[in-house]
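Coordinate-derived values only; no laboratory data. On a predicted model such as this, the values are computed, not experimentally measured, just so you know. Please note: Cβ atoms are built from the backbone with ideal geometry, for glycine as well, and neighbour counts cover all protein chains shown.
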Amino acid sequence: EDQVTQSPEALRLQEGESSSLNCSYTVSGLRGLFWYRQDPGKGPEFLFTLYSAGEEKEKERLKATLTKKESFLHITAPKPEDSATYLCAVQAAGNKLTFGGGTRVLVKP
Amino acid sequence: DTGVSQNPRHKITKRGQNVTFRCDPISEHNRLYWYRQTLGQGPEFLTYFQNEAQLEKSRLLSDRFSAERPKGSFSTLEIQRTEQGDSAMYLCASRGDSAYEQYFGPGTRLTVT
């Protein structure tokens, strides 16, 4: 069965303090690894898709990387508006996404 | 805006009542998914449609839950005889054939009292 574990569960950062979020996964036949951002009371917002080990994607202050066992979401010089829950998900041979529990990020000014 | 829409956004119901939620996917997307999310957890898969065919259901989907997508466009999720454990955010997502990423709607928050 596909499994996704995210760490840490929560992260408190000062504005400008860079950090990384971890997503470890166990899956047979990875078709894609996805990062989403979720604000309180809203649906997940798509950020990145990574397909193969070594791939990297960037968007503003966010950069996602992928190895054969884990993915990292690096937040560079975060701002308060980057505060959110970041979700990692994998898709294997089926059609569904399997999500981790998320990392709640709070960036204080 | 042509994103995924869901109605209602919030629903409060008494235990034992039936509820129905609606999802309108992105218009060109033929694949539609339902997920359930409880506080502090990631979304959990419930069911998947390709066009009007329901192709996959989770073991989480008890016989009190039923989903339809009659014309391959919008979808409904019905919960019969609601229980307090059904309280959660119900999320709908859609995707097309050319990429794997799913796009989520704003969700319907269900509270069973």
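Data table
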read-out	value
Proxy reagent accessibility, fewest Cβ within 10 Å first, across A:K68, A:K79, A:K96	A:K68, A:K79, A:K96
Cα-centre dipole for chain B with unit charges at Cβ (Lys and Arg positive, Asp and Glu negative), debye to 20	460 debye
Neighbour-count ranking [beta-carbon atoms within 10 angstrom, fewest first] of A:C88, B:C92	B:C92, A:C88
Fluctuation leader among A:Q38, A:Q91, A:Q14 - chain A, Gaussian network, Cα springs under 10 angstrom	A:Q14
Pair B:E52, B:N18: separation of 7 Å Cα→Cβ label points (nm)	2.1 nm
Between segment B:25-75 and segment A:6-49, the Cα center-to-center distance that results, in Å	23 Å
Segment A:29-58: GluC sites (Glu not before Pro) in DSSP loop, at most 13 other beta carbons within 10 Å	none
Ranked B:S27, A:S7, B:S94, criterion: other C-beta atoms within 10 Å, fewest first	B:S27, A:S7, B:S94
Karplus (6.51, -1.76, 1.60) ³J(HN,Hα), θ = phi - 60°, over segment B:41-53, in Hz, Gly and Pro reported as x	10, x, x, 10, 5, 10, 7, 9, 10, 10, 6, 8, 8
Integer Hz, Karplus 6.51/-1.76/1.60 couplings in order for segment B:28-37, x for Gly and Pro	8, 8, 9, 10, 9, 10, 10, 10, 10, 9
Sum of side-chain charges, B:S98 neighbourhood, beta-carbon under 14 Å (Lys, Arg +1; Asp, Glu -1)	0
Among B:E28, B:E44, B:E52, residue whose mean-square fluctuation peaks in a GNM of chain B (springs only between Cα atoms under 10 Å)	B:E28
